[in-house]
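These notes concern the structure reproduced below.
The values are calculated or read from the model by the stated rules, or taken from the named source; none is laboratory data. All values reported here derive from a predicted model rather than from experimental measurement. Backbone-built Cβ (ideal geometry, glycine too); neighbour counts: all protein chains shown. These area figures cover heavy atoms from the full protein model, side chains too; ligands, DNA and RNA do not enter into them. Shrake-Rupley method; radii C 1.70, N 1.55, O 1.52, S 1.80 Å.
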Amino acid sequence: MLDFLLTSEAIMALLTLTFLEIILGIDNIVFISIAANKLPENQRNKATNIGLVLAMVQRIILLFFVSFLVELKTPFYTLETSW
């Protein structure tokens, strides 16, 4: 039933997505840390935590949208060109 998950294409796609998520996560941590360093000392931890949670929520929403687009049977948007 789930044999398609054990194909070489699926495993390579999973590894690629995992690598990208790790790189983007590190990028988020660096950016949020730089931005939070401009705040007063007592607000840095709160700003870092809120920033990381919002980054995670945004990534989850975008992944759901991508899964929605992948499951479409008809085009999401067509561009009519008449030139």
inquiry  = Starting from the 7 Å offset along Cα-to-Cβ, what nm value, one decimal, do you get for the label separation of Ser8 and Thr74?
reply    = 3.8 nm
message = Given Cβ point charges of +1 (Lys, Arg) and -1 (Asp, Glu) and nothing else, what value in debye, to the nearest 20, does the dipole of the chain about its Cα centre take?
response = 440 debye
key: Candidates Val70, Val53, Val30: whichever shows maximal mean-square fluctuation once the chain is modelled as a Gaussian network with Cα springs under 10 Å   = Val70
query = Taking N as the number of residues in the chain, what is its Cα Rg relative to 2.2 N^0.38 Å?
reply = 1.61
remark   = With every protein chain kept in place and a 1.4 Å probe, the chain has an accessible area per residue in Å² of 93 Å²
message = Taking the Cα of Val66, stepping 7 Å toward and past its beta carbon, and measuring to each backbone N in the stretch 1-33: which are under 13 Å?
response = 13-25
ask   = Of all accessible surface on the chain at a 1.4 Å probe, what whole percent is carbon and sulfur?
value = 72 percent
note = Output for the stretch 35-83: GluC sites (Glu not before Pro) sitting in coil per DSSP, at most 10 other Cβ within 10 Å, listed by number, reads Glu80
query = How would you classify the stretch 43-83 from its alpha-carbon gyration tensor, with a ≥ b ≥ c the square roots of the eigenvalues: rounded for a/c under 1.5, else prolate if a/b is greater than b/c, otherwise oblate?
reply = oblate
